[in-house]
Structures are given as C-alpha cells and as structure tokens.
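Written below as structure tokens is the structure these notes are about.
The values are calculated or read from the model by the stated rules, or taken from the named source; none is laboratory data. Since the model is a prediction, treat every value here as computed from it, not as a measurement. So basically every Cβ, Gly included, is an ideal-geometry build from the backbone, and we count neighbours across all protein chains shown. Side chains are part of the model used for accessible areas, which takes the heavy atoms of the whole protein and leaves out ligands, DNA and RNA. Shrake-Rupley method; radii C 1.70, N 1.55, O 1.52, S 1.80 Å.
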2 protein chains.
Amino acid sequence: MSALLALARSPLTSVRHRVRSTYSGAGGWLGGVLATELLKDPKTPDVNLILCDIVEPKPPKDLDPSRFVAIKADLSKADAVEALFNTKLGKPTVIYCLHGIMSRGAEDNFDLGIRINVDSTRLMLEQARACGGEKPVKFIFTSSIAVFGGPLVRLCCLACLPLPRPPHPAPTLTAARLFISQPHEVSPETITWPEGSYGCGKLIAELFVNEYSRRGFVDGRIIRLPTIVVRPGLPSPATSAFVSGIIREPLHGEQAICPIGDSFDDPALDELEVWVASPENVIDNFIIASHIDSSKMLPYTRVVNLPGFTVTVKQELEALRDVAGQETLDLVTYKKDPTNARIVGSWPRAFNNDYSLSLGFVLHDGGFKSIVQTFKDGVAAGLY
Amino acid sequence: MSALLALARSPLTSVRHRVRSTYSGAGGWLGGVLATELLKDPKTPDVNLILCDIVEPKPPKDLDPSRFVAIKADLSKADAVEALFNTKLGKPTVIYCLHGIMSRGAEDNFDLGIRINVDSTRLMLEQARACGGEKPVKFIFTSSIAVFGGPLVRLCCLACLPLPRPPHPAPTLTAARLFISQPHEVSPETITWPEGSYGCGKLIAELFVNEYSRRGFVDGRIIRLPTIVVRPGLPSPATSAFVSGIIREPLHGEQAICPIGDSFDDPALDELEVWVASPENVIDNFIIASHIDSSKMLPYTRVVNLPGFTVTVKQELEALRDVAGQETLDLVTYKKDPTNARIVGSWPRAFNNDYSLSLGFVLHDGGFKSIVQTFKDGVAAGLY
C-alpha cells in the first residue's frame, strides 16, 4: 500500500495514475469498460481505481482488492463527493467525471438535471481543487454534442460572413448562402447554443471546468462524445437509440424498427447523416485524454470534439448487409417517425477532426463496416 | 395600495410594471439613474420600486414613500433574495438584475466572483420563477463584452471559413486572411470564450437566464453593455477608466493622463478603437429592454449586444478639443502604458447593431462630439 501511495504522490505521477471513475446510470456500461481498459494501459502501470456509481459498481475482474474502492453514492451530496476523495487509496490524480442526467431526463426534470449536471460537477471540481499538490489534478469531463443548437450550426457562418470591417471587401452573398444552405463542419470555435436543459447544463459545466483550468485549480480535459455505435445492451427509448438498434438487434437475430423512411430504398435513409464513433474508439480516446499535453490545447478552452465520422442511415444498413447478409438486413422494418428524424437531423452531422487528431486523439480505420464486423464478432464470442 | 397591487397582478401588466432594481457597487450610479428614468417612462405609469443594494439605496427624489422599498442586503444570501420578493409592494413583474462583482474583483477573488455573479443570479432566477402568475416575470440581466475572448474574436472567422463541406468550394485563403488580419464586427452569433472569471461568470449566468427563459420560468432579456462614456464620478483604477477620464477630468478643469501613446500626434491614438455608448443611451435601452417583444428574439438566446459605436482615442480627444477648446485638451498628458493598451485593445472593437436595432433598441445620434457636449452641459449645470 505504501508503495502505491508513493507512486501517486511522486513527481512521476504524470505517467503513473490512480484513477477515479464516476459513472452515471446511462454511462455505466462505458465506465465499466473504461475501468477495464485503464488497467491494461501501459502508460498507467499500478493504477488504483476508485469507482463510484448510484448503484454499487462492479470492480474489474481479477483486480486485487487492495487496488480498488467501489462506492455507491449520490454525487449530488457534498459529503458523498468529499468521501470519494478520502478513501483508503488517498487523493486521486486523475478524475473521470462521467456521471450525469441524460437528455430526456434533464428535460423532464429540470432541477434534477441542473443539480447533477452542473452542481455535482462543481462539487467534484471543488474537491479536485482542494487536492492541491505539486500539480493540478487531471479532470476529464465528458460533454455532449447537445451543447450545439441545430439552428445555430446552420446560422453560424452566415452571421460571421457578411460583416467584415472596412477597408476589406465583403465576402459575396453567394458564399454566405453556401453556408446557410448546408451546415458546415463543426470546428473547435463553432458557437454553442443549446436547445435543451441537458446541453445547457453540460455547457455550463464545461465553462466551470475551463475556468478552474485557467485558474490552475485543475488540469481539465473536456471531451464531447460522438454518437457511440454499436452500443451493446437492450433497446433504449432515447431518440438516437435506433442508430445502434438497427445494427444490434439484427445481429442478435431480432427484428429492429428503423424510424427513418418507409423502406430500404427511401431517399430519407441517404439524407440523414449521423456523427459516430465505435465504443472501442471512444474508450481509446478516454485513455488518451489523460495523457495529452494540455499546454498544447487552444487558449481559454479545454474542449475537444472527439474524432468520429459521418455515416448515413443507408450506409449503416448497407454495412449490415455486407457483413451479415441480406437475411440479417431483412430483420429491419421501417416505420417513419418524423419527430425522431427531425431531432436527430438537427444535431451536427460533421465535425472537423484536425484539432483533436493534432492533440493525439485517434480515429480508428475501417469505417462503419469494421464497426459492424467487430460487433458481430463480439456477439459470436458471447461478449454482448 | 390595493390599486397598485391590482395593477401588478392584472392582465395589463405588460404595460404597467412594478420594478425591482438591484445595484452592484460599481453599477450603483447607473442603477440610480435607471430608477429615476423608470418613473418618467410613459409606458410604465404608476411604477413602484423595490431598490436593493449592498449599501442602503437612495430612493429617487419626490417619490411617494408608499411607492418604494429600499433594502440594504447581501444578495449572496438566499433569505435576503427571498425577502426582496416579499415586500409590502408584493411580487415584482420586472426585475433588473444589475448587481455583480466587476472584472478585477472577480479575478482577485474567484470564489466571491462566482458566488455573486453566478449563484446570486441563480437565487434571483429561482425567486422570479416562483412568482408564477399568468406570465413569466421579465428578467433583465446586464452582461458584459468580457464574455468575449480577444484571441477568439480574431480566430472566429478563420476557424469557420476553411472548413466547408463538399461539394461546396472552400473560400479562398485570402478571405480567411482578411479576417485574421483584422477582427470583424461581433454579431449575435459570435462565439464567447471568456478570458477571465468575470466574463466566465457572466456567461454562465447568461446561460441560466436563457435556459430559464426557454423553459418559460422567466421572460429573460440579457443585455451586454458597451463601454459607457462619459461615466461621471471620480477617477477609477479600472483598465478602461481612461476612456471616460480623458474627457471627464479636463471638462472639470483637471488634468488627465492618457495611457495610450506619447503625444496627441502619436499614431497609437488612431489605432486604439473602443466600442462605446453614452450613459443616456444605455439607460434608454435599459427601459426599452422591459418593453421589447421577446418572441421576436433569436431562438435559444435572449442575449443582445446593446447598440453602440466605435471611437478611436484620437477621435475622443478631437471631440474634446472641438467642444471645449485647445486649452481643455491641453489638460490631457500622455504616459504610455503598454499593458493597459493591450488589454483594452483585446476587447471587441465593433459590433453589428442590426439585430439590436431591429428589436427596438436605439442608438443616439450625434456621435462622440454630442456625448462630450452633453457632459460639458451637465458639468455647467452642476449635475456631475
């Protein structure tokens, strides 16, 4: 034990971490995989884990009990958050702040959403600040593309373009129209204008993490996640659940309903684009988030839109057919849901990856077909 | 009294208001003028005032004591905020939330800044939400151009421009260079990337006012103020104080130090631009903020950059000479302060007024010379 504590407190902590993960209900699966992968990370040998969730978290298999603490806690309570920082494993050096109230939950219960997505994050930040030490604690915060408002993404460049100051000539109206006619890629500087309580809460929490980082209280890394495909598990009522469901259910030999279009040949399937990444890719980037050099980040913001790629619903289904055959594709039935299409279609459909890749984050090769193959192999191996 | 209460609770409250003003120390002068002007506003007859400040606020002259309540309170305390909403005058229908910890104060004392600029605003919002009634309370919140980061204003369009999506052609690099070589006008959609705790706190509070408005808890109007010139009163240590000081002190027959350039002929005086509006103009817009139709505002944001105009330091001094003569201008001495110039120069220098004017906000005619003349007349009349 003393050796472990020494590692955590030594000047070498930049390559030797003890890591805290807090899991939300919805993020629990992701957090569990993260814990397992952190133990394999060669850059974090001898990692200890302080795991917290609203339900008792399961520690990774075969982990020496002396190297983890599993805590069931309501992180809206100040004393519960304080307790996380005072376990037998001592102060953490890396914090993964993953817990939260997701989109629909925050919209249905405003006060709960703010209490968890904003105030609980502030409690975590205050405890992290109080850790003190030779250098600030790494505070990895997961945010969401829900911070972007649909109308805003479309308006952003129109607003920027027509207003240059003399003596520079105004860009042509044609150029401005190009931007309004089709949303451009989201860059690190694209303005955020949330349309919901979840996105607003996440954005406020992002600003706190930024400001705590600017002041040197923590070393923040804010990662905005793409839509994760294929999510394992049972079908979910979330608006975007079908993006995984139309792959996951057929690969389990079950029927799935696609809420976009009326048939496989409906042009709507080509038109709806989604910004995605595989679970394995996102988990790799969670680990990388603890290793990147934050001094190389843009000034005044610790936000990174994680790498991903754009896929149409049609391309998803074609990949399913190519990997698993026509009979598997035939398990997908179509039942148009205009509301669902509108909401998913309002999300940013493409981000520029240059900045995130320049920091060291990764984008896996192989595109969507590779994602389907990996999930199919996982099902065959009994993993999902 | 009963008649006044009826007015406040009647369906006619859209044109008959009772108004609460909360004043910060720094905003106290502005708040005092606002209270006086509200009493003259023909659109708010029979207005009652609930005035609150950290020091006992002075009620406007000749106001019937039955029509105002003056409260000394620390608005970081929940019970103090609650008390504001439970005076003999009943629930307010319009709230001017002007109090705050200014730039230097918030930077020097992080926790105090967040407690007042964020948490106290949330307490006000919660009480306003609890007012309920037939329609949400108008919540007028003053914000600041400190929400903008200098580097960001310069980077914004560069970031937007080079990333159009196929099949559209990329704008030329020349166009991108135009934008990076000179900051463009700030529009309602310009991204905010604060560089200090004051700007960050104001931005977080803006997001809360936006979200409370989107949910229908309050009817928010967020107004970002230009630099107000000429501020009356004593010289202040604020970075931007000289923008008023080089006019105010000479018009009082006193010497003033200009921290920009070495002499009246220094090109630096031409280069430094500031975004300004007169106190009278800003107060007019404070009143207008209570009358505009918020349904005409952009979706998902209640933020308005108030109208103003750009003036160079040289133009300020030329206006002083034109209005008050060479001997008055000669009271200005020059002592270059590069830090001061850098900070003031990092602020946005120009905003586009189209959106604010379209909502009904006003920009006074006459430019800077008119501002100097008004202040000179005020000094002669013993007002300042």
Original post:
Past the 19 Å Cα-Cα mark, which pairs from A:Lys40/A:Lys88; A:Lys138/A:Lys296; A:Lys202/B:Lys202; A:Lys77/A:Lys135; A:Lys58/A:Lys135; B:Lys91/B:Lys138?
Top reply: A:Lys40/A:Lys88; A:Lys77/A:Lys135; A:Lys58/A:Lys135
Original post:
What are the distances, in nm and sorted shortest first, from the label point of A:Pro338 to the label points of the same position in each other copy, with each label point placed 7 Å from Cα along the Cα-to-Cβ direction?
Top reply: 6.3
Subject >> Relative contact order computed over the stretch B:28-86 (Cα-Cα under 8 Å; 6+ residues apart), in percent >> reply: 29 percent
Original post:
For the stretch B:244-317, what's the relative contact order in percent, using C-alpha pairs closer than 8 Å and at least 6 residues apart?
Top reply: 43 percent
Original post:
Top to bottom by accessible area (1.4 Å), largest first, where do B:Arg214, B:Arg349 land?
Top reply: B:Arg214, B:Arg349
Original post:
Which order do B:Thr339, B:Thr142 take when ranked by solvent-accessible area (1.4 Å probe, heavy atoms of all protein chains), largest first?
Top reply: B:Thr339, B:Thr142
**OP:** Would you please give the residues with an amide H less than 5 Å from that of B:Ser143, counting only those at least 5 places away or on a separate chain, with H modeled from the backbone geometry?
**Re:** B:Ile223, B:Arg224, B:Leu225
**OP:** Quote the accessible area belonging to B:Trp29 in square angstrom, nearest 10, computed with a 1.4 Å probe and with ligands, DNA and RNA left uncounted.
**Re:** 80 Å²
**OP:** Name the nearest-to-axis residue of chain B, judged by Cβ distance to the rotation axis taking chain B onto chain A, and quote that distance in whole Å.
**Re:** B:Ile191, 2
Original post:
Rolling a 1.4 angstrom probe over the protein heavy atoms, how many square angstrom per residue are accessible across the stretch A:344-384?
Top reply: 48 Å²
Original post:
Using 0.36 nm per residue, how much length does the chain from B:Asp293 to B:Arg115 gain when fully extended, once their Cα-Cα distance is taken away?
Top reply: 61.0 nm
Subject >> Relative compactness, the stretch B:195-271, computed as alpha-carbon Rg over 2.2 N^0.38 Å >> reply: 1.61
Subject >> Solvent-accessible area buried by pairing B with A, both sides, nearest 100 square angstrom, 1.4 angstrom probe >> reply: 5100 Å²
**OP:** Put a label point 7 Å from Cα along the Cβ direction on B:His291, then list its distances to the equivalent points in the other copies in nm, shortest first.
**Re:** 6.3
**OP:** Kindly write out, for the stretch A:81-95 in residue order, the coupling ³J(HN,Hα) from the Karplus curve 6.51 cos²θ - 1.76 cosθ + 1.60 (θ = phi - 60°), rounded to whole Hz, with x marking Gly and Pro.
**Re:** 5, 4, 4, 4, 8, 9, 8, 4, 8, x, 6, x, 10, 10, 10
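Probe of 1.4 angstrom, ligands and nucleic acids ignored: what's the accessible area per residue over the stretch B:58-149, in square angstrom?
43 Å²
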Subject >> Estimated distance in nm for a label pair at A:Tyr384 and A:Asp41, the labels positioned 7 Å out from Cα along Cα-to-Cβ >> reply: 2.4 nm
Subject >> Long-range amide H partners of A:Ala256 with built H, under 5 Å >> reply: A:Val332, A:Thr333
Subject >> Rg [Å, one decimal], Dmax [Å, integer] - the stretch A:229-269, C-alpha atoms >> reply: 10.4, 29
**OP:** Report in % the part of the accessible area of the stretch B:28-132 that belongs to carbon and sulfur, leaving out ligands and nucleic acids; probe 1.4 Å.
**Re:** 54 percent
**OP:** Kindly write out, for the stretch B:53-68 in residue order, the coupling ³J(HN,Hα) from the Karplus curve 6.51 cos²θ - 1.76 cosθ + 1.60 (θ = phi - 60°), rounded to whole Hz, with x marking Gly and Pro.
**Re:** 7, 6, 10, 4, x, 8, x, x, 4, 6, 8, 3, x, 6, 9, 9
Subject >> Protein accessible area in the stretch A:246-344, 1.4 Å probe - carbon and sulfur % >> reply: 47 percent
**OP:** Would you mind listing the distances between the B:Val362 label point and the same position in each other copy? Use 7 Å along Cα-to-C-beta, nm, one decimal, shortest first.
**Re:** 6.4
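Sorted by accessible area with a 1.4 angstrom probe, largest first, how do B:Arg302, A:Arg115 fall?
A:Arg115, B:Arg302
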Original post:
Using θ = phi - 60° and the Karplus form 6.51 cos²θ - 1.76 cosθ + 1.60, what ³J(HN,Hα) does each residue of the stretch A:255-270 get, whole Hz, x for Gly and Pro?
Top reply: 6, 9, 9, 9, x, 10, x, 10, 7, 4, 9, 5, x, 4, 5, 7
**OP:** Name the long-range amide H neighbours of A:Asp219: under 5 Å, sequence gap of 5 or more, or other chain; modelled H, no Pro or chain starts.
**Re:** A:Val137, A:Lys138, A:Phe139
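With a cut-off of 8 Å between alpha carbons and a minimum separation of six or more residues, what is the relative contact order of the stretch B:183-262 in percent? Before the final figure, lay out each step's value.
Numbers: 39 pairs, mean separation 11.6, N = 80.
So the answer I get is 14 percent.
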